[in-house]
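Derivation of every value follows stated rules applied to the coordinates shown; laboratory data play no part. All of these numbers come straight from a predicted model, not from anything done at the bench. Every residue, glycine among them, receives a Cβ derived from its backbone with ideal geometry; neighbour counts consider all protein chains shown.
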Amino acid sequence: MRKLRHALLLALPLLGLSLAASAADSAAGRWKTIDDKTGKVKSIVEITPAANGTLSGKVVEILQSDRGPNPVCDKCDGERKNKPVKGMTILWSLKADDASHWSGGTILDPANGKTYKSKLELQPGGQKLDVSGCIMFICRAQTWVRE
């Protein structure tokens with residue numbers, strides 16, 4: 001019994017390190033969005049896996065906005081029209097291509113109400129996420145930083 005307890009005490013820190021490493025290898029988590037024009041941190045987006053294996057991202061915090069502390073998506077269409085940006089899903093349906101690439105999704109820019117085809121690339125080390133959105137051949141890219 002004593003040997004088993006000793007073995008468990010030694011194994012617990014290794015399990016913690018393993019879980020931390022697997023989290024760093026995934027796009028799931030909280031990300032600081034960096035404006036591609038100003039370089040300022042604008043918000044925190046939390047990316048989570050859905051039951052069907054895709055990823056989606058929701059704005060959980062607004063850090064900087066030209067439209068006040070509680071901006072709404074006034075240029076959005078449909079169900080998002082005039083809804084608060086905080087709490088809004090802005091990234092959805094991203095499917096894994098491999099361990100560090102996701103594509104086939106959609107991203108919404110709440111500032112202009114436009115949606116773009118999206119893809120993600122997790123950089124080595126898991127602390128930076130390249131996020132791009134494209135309409136036809138016109139693309140925008142940002143690098144988000146893990147919180």
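Table for the structure above
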quantity: Packing-based exposure ordering (other Cβ within 10 Å, fewest first) of Met136, Met88; calculated: Met136, Met88
quantity: Added length on full extension, which subtracts the Cα-Cα distance from 0.36 nm per residue, Lys114 to Asp98; calculated: 3.0 nm
quantity: Extreme residue, positive dipole direction of the stretch 26-146, given options Thr115, Pro49, Ala96 (C-beta unit charges); calculated: Thr115
quantity: Additional length obtainable on full extension of the chain from Arg140 to Arg67, 0.36 nm per residue less Cα span; calculated: 24.1 nm
quantity: Cα-Cα over 19 Å, subset of Lys40/Lys119; Lys75/Lys114; Lys37/Lys114; Lys95/Lys117; Lys32/Lys75; calculated: Lys40/Lys119; Lys32/Lys75
quantity: Coarse-grained scattering of the stretch 26-146 at q = 0.13, 0.20, 0.21, 0.23 Å⁻¹, given as base-10 log I(q)/I(0) from a Debye sum over alpha-carbon atoms; calculated: -0.46, -1.16, -1.28, -1.53
quantity: Least to most buried among Glu121, Glu147, Glu79 (fewest other Cβ within 10 Å first); calculated: Glu79, Glu147, Glu121
